[in-house]
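Everything below concerns the one structure shown next.
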Amino acid sequence: MSRRTALTAHLAAALAAAFIAAPAYAQPGWGIRSITFQEVIERVTRMPYDQELQARAGQLGLNVVNLTWEDTARNGGSSVGPNISDLTLQVREKDGQGQVRTHLLPVIRHPNFSDKTADVPLDDLWVRVGNQTQGGHKVARPMREVLSNLKEYLSDPSSLNGSDNFIAPRDTHVLVSAQHVFLPIPPGTNGGKVEFNPVLFNYQSSAGHPAVLTLLVTREGTSATIIDNAGGDQSYQGWGQQLFFNNAGQKTVFTAERKSSVKARIEAGQATAGDAGALEEGADMMMIVQVPLKVNRPRREYFGAEDYEMAPSAAGAAAEAAPMAKASRRRGSDVEQAVLGHGDDQGPFRELAGMRIERDPRFPIRVTVQFYKATSNGIVDEQNLADVNQAIQKVYESGDYVGSLVVPKGERTRPTDWIKDRAPRLGFVY
């Protein structure tokens, strides 16, 4: 069993157990009864097990999953390789005692295994900065500039030792994929706000030895950190490192609301400081940027070749989900654009931990473009699915080349292909 298979199985088992252990909802009495947040979460997180939705998505070359493969370097025809990352999006739910439990969010994207990607010119990508400093002015900067002078865009420049240039000569293009994430938000303009985190697990990383530098980019700014699977920011379920927003050196979770809720608040004259730009293009978007790093420790092998995706592996949960899907489908879709923001400060934001890190030029920079949608019941109608597909395809149309590096139709000659060493360098993970 490969490490990827182990993680997938572990998360699937945890998810299935959560379905079994979840308390039964109290039977509603007579009168008017509002849907609970717990019910909304249950309906939405079962989207990957909706076989009718999977079939319709499949006709467009898409899958519905709750664990995505976001690798910078994978072997041809395989699920493994020298720089492998798994990503989940986890919504937070607080119980009666104030404790947090999380649930995996559904994602619509191209299939994990084939991993359709686009080669997008690096100079076409810009990011918002300024959030990292107190009172900072938020402006757009080229991603190349940020990655060439990273210390200028950190809350604590001393958290990075050595060079802050993470651009390699190969970086004419970056490896880009696109997906839609669905958030459980009750219907109506008073649907409220949900909290969530991206959770990234990199198989080559370990405590003190990060294999990936990440930038999380939203309309509110850019947050840089390392992925080393160390303690402190570990996910509530499964494996992986929670990623946070950098609010002037303090970490916060990400939040999301329905666009209609934000619009109603602004029109009522009750706009908050966080509503600036909330109705503009890109308010529903997040970019997760992975910059490969050299790992200064003895080489270890990666092994195993089983190819699994998470959603199909929890058959019990899928079977249990069917009645809910059929019952809720009659209510119709209430999907709409979400607006991303950030929550309250939760302590110091961990940047680069004083480490001396160095770009690994063998591997490309990977950018995962995410669009966020709100839904209260997980129902995606034909128009919703067409909109999802159109937005995903628009991202791929920005690339100079589109295809799969894992199962290519011809020779792998793309500028984002990873460079194979004939003789592995001692001291670094291959």
Open item on the list: Rounded to whole Å, give me the distance from the Cα center of segment 57-130 to that of segment 340-390.
Closed with: 8
Task: Under 5 Å, built H, 5+ apart or other chain: amide partners of Ser376 - done: Ile185, Asp334
Task: Cross-link table Lys193/Lys294; Lys151/Lys373; Lys116/Lys251; Lys151/Lys251; Lys294/Lys394; Lys151/Lys259, entries beyond 29 Å C-alpha to C-alpha - done: Lys193/Lys294; Lys151/Lys373; Lys116/Lys251; Lys294/Lys394; Lys151/Lys259
Task: Residue-wise HN-Hα coupling along segment 265-278, computed from phi with Karplus coefficients 6.51, -1.76, 1.60 (Hz; x: Gly, Pro) - done: 5, 5, 5, 7, x, 10, 4, 9, 4, x, 7, 4, x, 5
TODO: Please list, in chain and number order, the residues 5+ apart from Lys193 or on another chain whose amide H is under 5 Å from its amide H, with Hs placed from the backbone.
DONE: none
- [ ] Provide the net charge surrounding Thr214, with neighbours chosen by a C-beta distance below 13 Å and charges set as Lys +1, Arg +1, Asp -1, Glu -1.
- [x] -2
Task: Theoretical FRET efficiency, 1/(1+(r/R0)^6), r = Cβ-Cβ of Leu279 and Ile419, R0 51 Å, to 0.05 - done: 0.70
- [ ] Add +1 for every Lys or Arg and -1 for every Asp or Glu among the other residues with Cβ under 11 Å from the Cβ of Leu243, and state the total.
- [x] +1
Open item on the list: Please list, ordered by chain and number, the residues whose modelled amide H lies under 5 Å from the amide H of Val127; skip anything fewer than 5 residues away on the same chain.
Closed with: Arg141, Met143
Task: Potential lengthening between Lys394 and Val100 on full extension [0.36 nm per residue; Cα-Cα distance subtracted] - done: 102.2 nm
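Here, each number is a calculation from the coordinates, and none is a lab measurement. Because the structure is predicted, anything quoted here is derived from the model rather than measured. As a convention, Cβ positions derive from the backbone with ideal geometry for all residues, glycine included, and neighbour counts pool all protein chains shown.
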